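Bear in mind these aren't lab numbers, they're just calculated from the coordinates by the rules spelled out. This is a predicted model, so every value here is computed, not measured. Counting neighbours? That spans all protein chains shown, and the Cβs are built from the backbone with ideal geometry, glycine included.
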């Protein structure tokens, strides 16, 4: 069963810069799929397309067919897409906006109009799963780089999307941070989550079932 199907995908930014040209691939439910390629090859752009950030928030000329579970993220609204696929950006600081870890975990659920009781229950689950009990009232700016990345993963997973996209998840992490993030990724894999990792350094990816290679256009 396919979680993602992409056919003849091409994309150029509004300034005319072509980044992706005639790409086709599929991702099976529950597998770990690697998007490899050097810097500038379009890995982040492809992730943004899969999550609907392109074309909703970032404009350009998008062609081709994209299916994420049962929707086309280019046509569905972002909240609808976020229930199916969540993305963790390269820079954790750009994705953290609240003043406590607890509030960060609740923020997305509040925007999805979950009830207060449902939010409290889900936040407690995430705090236990990701080991944030002693950090729940800490401002995310005071966390280590690895803890920040772990928090972004937990926040993206708050509404339980079945697909997780990670854009260079080991970027700027020390050995302790890498262990935190690798453990979190491994747990999601074991739980049957479909995991997509964009990475230029293949040594940083411990496991992938299949992969595609993007070249600079």
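The table below lists the values:
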| item | result |
| --- | --- |
| Gyration tensor (Cα) of the chain, equivalent ellipsoid semi-axes in angstrom | 28, 19, 16 |
| Value in Å of the Kirkwood radius, where segment 1-46 supplies the Cα pairs that are averaged | 11.9 |
| Residue with peak Gaussian network fluctuation, the chain [Cα springs, cutoff 10 Å], from 69, 97, 196 | 97 |
| Relative contact order, percent, the chain [alpha-carbon distance under 8 Å, six or more residues apart] | 31 |
| Theoretical ellipticity at 222 nm over the chain - DSSP helices of four or more residues, -39500 (n - 2.57) apiece, nearest 500 | -9500 deg cm²/dmol |
| Förster radius 35 Å - calculated FRET efficiency between residue 121 and residue 94, Cβ distance, rounded to 0.05 | 0.80 |
| Using alpha-carbon coordinates, inclination of helix 101-111 to the longest axis of the chain, degrees | 60 |
| Ranked 193, 113, 2, criterion: other C-beta atoms within 10 Å, fewest first | 113, 2, 193 |
| Ratio of the Cα radius of gyration of segment 126-217 to 2.2 N^0.38 Å, where N counts its residues | 1.13 |
| Ascending count of other beta-carbon atoms within 10 Å, so fewest first, for 87, 170 | 170, 87 |
| Estimated distance in nm for a label pair at residue 107 and residue 24, the labels positioned 7 Å out from Cα along Cα-to-Cβ | 4.0 |
| Folded to 0 to 90 degrees: helix 116-130 orientation relative to the chain principal axis, Cα | 80 |
